[in-house]
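The values are calculated or read from the model by the stated rules, or taken from the named source; none is laboratory data. As the structure is a computational prediction, the values presented were derived from the model and not from experiment. All Cβ positions, even for glycine, are placed from backbone atoms using ideal geometry, and neighbour counts span all protein chains on display.
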Amino acid sequence: MTIVVRIDASRPDAGKINEAASVLRNGGLVGFPTETVYGLGANLFDARAVKKLYKIKNRPLNKPLTVHIAGPEDVKKMAGRIPLKAARLMKKYWPGPLTLVLKDKRGRKTGFRMPDNRIALKLIRAAGVPVVAPSANISGNKPPVSAKEVLRDLDGMIEVVIDGGRTKIGKESTVVDMSGRKPVILREGAIPGPKICEVADG
């Protein structure tokens, strides 16, 4: 059975957060709330955990994962230089429902997102490792907006789900490829595409 940990989003319990973070560090999978939908977290540095995430979600192996971060400084550690247009979008929309695709230090495209949810941010900080987190559902199913919906798909397949109540937005993040000269909208979500282009161009 998946362990359900209830946490008050307005006053997250540090002890409970640290326990869930320990599960992540040690290769377990943790469902947790963001402001958009519930994510399924895994330690990017743990190949077995990432493989398990793909398997239980039935996610195509060629579909990349987004790294969830606790602050822009985490992007700098992995991506190095941040293009001006991407920096403008970070300043305007982070924390928030925006995923930015940038080139990492090895030249590979990587998605980054800083969620606007206290539980998510504290969990990421406490984990101390890069946390990849697609939506916490079987691929093709509706993304979950509550812990109950996470359990509907994944009960018994993941170690922990943090119940932080229903998500605020209930719609997935907008994904923007900023690896080139101009922003390319890969998925329009909570933020409309025209607003992204307007902010990026200054």
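Just one of Ile124, Ile119, Ile138, Ile169 is over 18 Å from Asn26 (Cβ atoms) and part of a helix (DSSP H, G or I); which is it?
Ile119
For the list (1) surrounded by 13 or more Cβ atoms within 10 Å (Cβ to Cβ); (2) touching a strand residue (DSSP E or B) at 6+ places or on another chain (Cβ under 9 Å), I need the number of the one condition that Asn26 fails.
(1)
List pairs: first residue in segment 17-36 and under 25 Å from Pro97 (Cα atoms), second residue part of a loop (DSSP other than H, G, I, E, B) and basic (Lys, Arg) anywhere in the structure, Cβ distance under 9 angstrom, at least six positions apart or on different chains.
Once the first residue is under 25 Å from Pro97 (Cα atoms) and sits in segment 17-36, its partners that are part of a loop (DSSP other than H, G, I, E, B) and basic (Lys, Arg) give Pro33/Arg166; Pro33/Lys168; Thr34/Lys168; Glu35/Lys168; Thr36/Lys168; Thr36/Lys171.
Answer yes or no: is there a residue in segment 51-68 that is in a loop (DSSP other than H, G, I, E, B), at pLDDT 95 or above, out of contact with any helix residue (DSSP H, G or I) (no Cβ under 9 Å at 6 or more places or on another chain) and over 22 Å from Val101 (Cα atoms).
yes
Can you find, within segment 169-181, the residue that is farthest from Arg81 (Cα to Cα) among those that are more than 15 Å from the chain's Cα centre (by Cα) and touching a residue at least 40 places away in the same chain (Cβ under 8 Å)?
Result: Asp177.
Could you run through segment 138-156 and say how many residues are in contact (Cβ under 8 Å) with a residue 24 or more places away in the chain and either charged (D, E, K, R) or surrounded by fewer than 16 Cβ atoms within 10 Å (Cβ to Cβ) (or both)?
6
From the residues in segment 108-132 that are among the basic types (Lys, Arg), at pLDDT 95 or above and over 9 Å from the mean Cα position of the chain (by Cα), which one is farthest from Leu44 (Cα to Cα)?
Filtering first and then ranking leaves Arg118.
Only residues in segment 113-128 that are closer than 15 Å to Gly15 by Cβ count as the first member; pair them with residues that are of a type in the set (Phe, Trp, Tyr), Cβ under 8 angstrom, at least 6 apart or cross-chain, and list the lot.
Hits for this filter: Ile119/Phe32; Leu123/Phe32.
Results for (1) outside any helix (DSSP H, G or I); (2) touching a Pro at 6+ places or on another chain (Cβ under 8 Å); (3) modelled with pLDDT under 95, shown as yes or no for each residue.
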{"position": "Ser22", "(1), (2), (3)": "no, no, no"}
{"position": "Leu40", "(1), (2), (3)": "yes, yes, no"}
{"position": "Arg48", "(1), (2), (3)": "no, no, no"}
{"position": "Lys76", "(1), (2), (3)": "no, no, yes"}
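Can Lys109 be described as of a type outside the set (A, V, I, L, M, F, W, C), touching a Pro at 6+ places or on another chain (Cβ under 9 Å) and within 14 Å of Val199 (Cα to Cα)?
So Lys109 fails the test.
Here are some residues: Gly165, Gly202, Gly180, Gly193. Which one is of a type in the set (Gly, Ala, Ser) and modelled with pLDDT of 95 or more?
Unique residue meeting the criteria: Gly165.
Scan segment 93-107 for residues that are surrounded by fewer than 20 Cβ atoms within 10 Å (Cβ to Cβ), over 13 Å from the mean Cα position of the chain (by Cα) and either among the hydrophobic types (A, V, I, L, M, F, W, C) or not in a strand (DSSP E or B) (or both) and report the count.
Selection size over segment 93-107: 4.
Going by the conditions given, is Arg48 loosely packed, with under 13 Cβ neighbours inside 10 Å and more than 24 Å from Phe112 (Cβ to Cβ)?
Here the answer is no, as Arg48 does not meet what is asked.
Suppose we filter Val30, Val4, Val50, Val75 for residues that are within 15 Å of the chain's Cα centre (by Cα) and closer than 21 Å to Val145 by Cα; which single one remains?
That would be Val30, the only listed residue that is within 15 Å of the chain's Cα centre (by Cα) and closer than 21 Å to Val145 by Cα.
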